[in-house]
Amino acid sequence: MVSLSPSHWRPATMTIQPPMRTLKLTLESRSLVPSVHCWRVNDGYVRTNTWSPDGEVVTIGLAGPGDLLPPPRPEWQPTERACLTRTLLMEVTPSQEELTASLHSQIAQMTTLLRIGRLRPVDTRLLHLLRWIGERFGIVNSRGTLLSLQEMNLTHRVLAEICGTTRVSITKALSHYKTAGMIGTQGEVDLLLPHPHRTLY
């Protein structure tokens, strides 16, 4: 029998992999979201755009806190995701159920926004857009839905781009609806959208 001295022993080796770090990004307004990762919006708002054959910007989605931003589908190219506000993103690995739900949400948003874009006149288009945004991101109270355009950085210029019209037309339409009691204000910047089929006064 051969006896091995301690000098012949070989210590076991173990490789310890460092823990994977979650990628987090903070992007400023108008920055583009990298499309090679799947992100969850922790804070802020993101607008998904494509282009018409004439080169006009067409908005096909809006995302806010909690929403998933998977890489755009190839058949939806070209698209870009631009931050409306300062936005905090976290890379995630979603389940198949989450991906499916996100896809259905994106298709529903795209369908709704394209339908709104076909409404005439521009005043009607804007009112439907604000109501849709209010349903997604607003706060409901006894008088209607409170929507902060400032928090989402939805300037008259951005609303005009989403509606496919001019900034002046948006300003006139908002003034008209406020005079008619179909849109109110709370504070200096927040809009109050009354419940459907009601006016504020």
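Observations on the structure shown:
- Two-site FRET efficiency, Glu98 against Arg167, from Cβ-Cβ distance with R₀ of 35 Å, rounded to 0.05: 0.40
- Contact order normalised by residue count of the chain, Cα under 8 Å, 6+ apart, percent: 18
- Shape class of region 122-163 from the Cα gyration tensor (axes a ≥ b ≥ c, square roots of the eigenvalues): oblate, since a/c reaches 1.5 or more and a/b does not exceed b/c.
- Dimensions of the chain from C-alpha coordinates, computed as largest minus smallest value along each principal axis and given longest first, are 103, 42, 29 Å.
- What the Kirkwood sum gives for region 119-201 is a hydrodynamic radius of 12.7 Å, with every pair of different alpha carbons counted.
- Per-residue ellipticity at 222 nm from helix content only, as computed over the chain with -39500 (n - 2.57) for each DSSP H run of at least four residues, stands at -9500 deg cm²/dmol.
- For region 21-116, convex hull of alpha carbons as volume per residue, Å³: 98
- Residue separation of Ser105 and Arg143 scaled by 0.36 nm, minus their Cα-Cα distance, works out to 10.9 nm of gained length.
- Full-extension gain in nm, Arg120 to Trp51, via 0.36 nm per residue minus C-alpha separation: 22.8 nm
- Across region 96-185, the relative contact order, built from alpha-carbon pairs under 8 Å that are at least six residues apart, equals 22 percent.
Each value in this text was obtained by applying a stated rule to the coordinates, not by laboratory testing. Just so we're clear, the structure is a prediction, and the values are computed from it rather than from any experiment. Positions of Cβ are backbone-derived with ideal geometry, glycine not excepted, and every protein chain shown enters the neighbour counts.
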